[in-house]
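Only the coordinates and a few stated rules stand behind these numbers; no lab work does. Just so it is clear, the model here is predicted, and its values are computed rather than measured. In this analysis, Cβ positions are derived from the backbone assuming ideal geometry, glycine residues included, and neighbour counts consider all displayed protein chains.
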Ligand SMILES: [Zn+2]
């Protein structure tokens, strides 16, 4: 049988148990169809020589707010606390429309592909106008990443003691109707799906208790995932105690979210008992190392959480809190932060790769098909590019060298068998036009 694509002569990581030096991997009908050691390569319509390159499963991004790339490194906000940063940016984000959502998503997905990401979620939680997620789905289909937009929401504006202005929040009924509409329109539960929808109130404290409960019920009805921020800031403990009379994790349990359907971003400040309870409940965690370090408020106990049975993935977090969106950089920062926290034996490059691939796929409820390259997996993979100068002398371990040396980026990013990045460059012919329109839109919404 002739395959559609053959990548040969690479150091191929199939999953955490199997690595093949000088190996090959074949793709047929958008799936991994075979792999093996050098010498017995089958025929294929297209052959790529990956000599001297690492080949891994595509990285899976478990937390992002792509729209924020319209306000990257926005000078008036860069030195504020999380709350200052939000209150400076919310009024600007109130200008987001369908065009802004489409352009930021298209550019954001291209950027992710260049950093070796093949599947991403997105958490769009400001809704000053309708149909922003419809515009994201359109951009996702055009760019070709595997995409899980989440229907974010906020109901609590400054008028109800929240942070955002009234223009970006909505009433619970509008949110639920639109959530159901998006699931019906775009959620594809079939194997090999390119688009899935999840539901994602911004944080348990930015929406009403009834909406948290109703969102969990809606997710159950339609069998979709649930996502939110949790325990990102110590102030949440105080707020939660005052408003709900309990701690954030207890509140998550009270509203019916402590289930394997849920993954939460950050999870920095739970106590030991709370960590264990959510691990036992099957809740996953999106660890966002660059965001944690830039915000400077703490970071998740990643290796401990994994040791007690939690699924941990990596997230870039928003383009205005992390400002870049390279999953390679996030995997490297997860490695550095893990060792900084726990010492030199605390984490290895293979742990970071496992978190960025399998761990992420588990968080998104997609581990059967993505996050590995076993036979039958979706053909989502990356042939990595690290300059030979940066790799000079790195002879003994290509996986450690991948994160310790660098910077690295994608030489080829393949999603569903298609090249999204080829020879280091995005394949879309629309790139120049998208960049021009993105610049104009960013200039339009940023106050001068
Ligand atoms: Zn976030």
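Note on residue 234 and residue 210: the model spin-label points, each 7 Å out from Cα along the C-beta direction, lie 3.6 nm apart. Fully extending the segment from residue 440 to residue 307 would add 43.2 nm, taking 0.36 nm per residue of separation and subtracting the current Cα-Cα distance. Here the Gaussian network model covers the chain, with springs between Cα atoms less than 10 Å apart; of 227, 412, 51, 51 fluctuates the most. Using all pairs of distinct alpha-carbon atoms, the Kirkwood hydrodynamic radius of region 46-159 works out to 15.6 angstrom.
Note on the chain: helix-only mean residue ellipticity at 222 nm, from DSSP H runs of 4+ residues weighted -39500 (n - 2.57) and normalised by residue number, equals -10500 deg cm²/dmol.
Only bridges whose two residues both fall in the chain count here: according to DSSP, what percent of them are antiparallel, nearest 5?
In the chain, DSSP labels about 45 percent of beta bridges as antiparallel.
In terms of the mean number of neighbouring beta-carbon atoms within 10 Å, the peptides 418-425, 325-332 order highest first as 325-332, 418-425. Mean silhouette area of region 1-86, derived from the convex hull of its C-alpha atoms and averaged over all directions, reads 9.2 nm². In terms of surrounding Cβ atoms within a 10 Å radius of their Cβ, 93, 263, 366 rank from fewest to most as 366, 93, 263.
Here the scattering of the chain is modelled by Debye summation over its C-alpha atoms, one equal scatterer each and no solvent; at q = 0.10, 0.13 Å⁻¹ the log10 of I(q)/I(0) is -0.67, -1.14. Fewest-first ordering of 340, 186, 125 by other beta carbons within 10 Å of each residue's beta carbon gives 340, 186, 125. Cα convex hull, region 55-105: 125 Å³ per residue, rounded to a whole number. Could you check how many percent of all C-alpha pairs in region 161-312 are farther apart than 23 Å? Percentage above 23 Å: 39. Summary of packing: across the peptides 78-89, 269-280, 369-380, 244-255, the per-residue average of other C-beta atoms within 10 Å ranks them, highest first, as 369-380, 244-255, 269-280, 78-89.
When both region 35-52 and region 326-366 are represented by their alpha-carbon centers, they are found 29 Å apart. The spacing between region 379-448 and region 285-302, judged by their C-alpha centroids, is 23 Å. Label zone of residue 29 (point 7 Å out along Cα→Cβ, amide N under 17 Å): in region 412-430 this covers 416-418. Give the shape of region 313-375 as rounded, prolate or oblate, defined through the alpha-carbon gyration tensor: a ≥ b ≥ c are the square roots of its eigenvalues, a/c under 1.5 means rounded, and otherwise the shape is prolate if a/b is larger than b/c and oblate if not. The shape class here is oblate.
Take each peptide in 229-239, 97-107, count the other Cβ atoms within 10 Å of every residue, and average; sorted highest first, the result is 97-107, 229-239.
Projected label points at residue 86 and residue 424, each 7 Å from Cα along the beta carbon direction, are separated by 4.0 nanometres. Using a simple spin-label model with pseudo-atoms 7 Å out from Cα toward Cβ, residue 254 and residue 78 lie 4.1 nm apart. Over every Cα atom in region 122-163, the radius of gyration and the widest Cα-Cα span, Dmax, amount to 13.0, 40 Å. Look at where the Cα atoms of region 128-166 and of region 199-251 average out, and the two centres are 17 Å apart. What is the calculated FRET efficiency for residue 345 to residue 17, with r their C-beta to C-beta distance and R₀ = 25 Å, to the nearest 0.05? For R0 = 25 Å, the calculated efficiency reads 0.75. Note on region 247-382: Kirkwood hydrodynamic radius from all Cα pairs is 15.3 Å, rounded to one decimal. Which of 49, 178, 433 moves most in a GNM of the chain, Cα contacts under 10 Å? Per the Cα network of the chain with a 10 Å cutoff, 433 tops the list. Taking the number of Cβ atoms within 10 Å of each Cβ as an exposure proxy, the fewest-first ranking of 436, 225 is 436, 225. Measuring r between the beta carbons of residue 395 and residue 375 and using R0 = 45 Å, the FRET efficiency lands at 0.90.
The gain in end-to-end length when the residue 43 to residue 177 segment is fully stretched comes to 43.2 nm, 0.36 nm per residue minus the alpha carbon separation.
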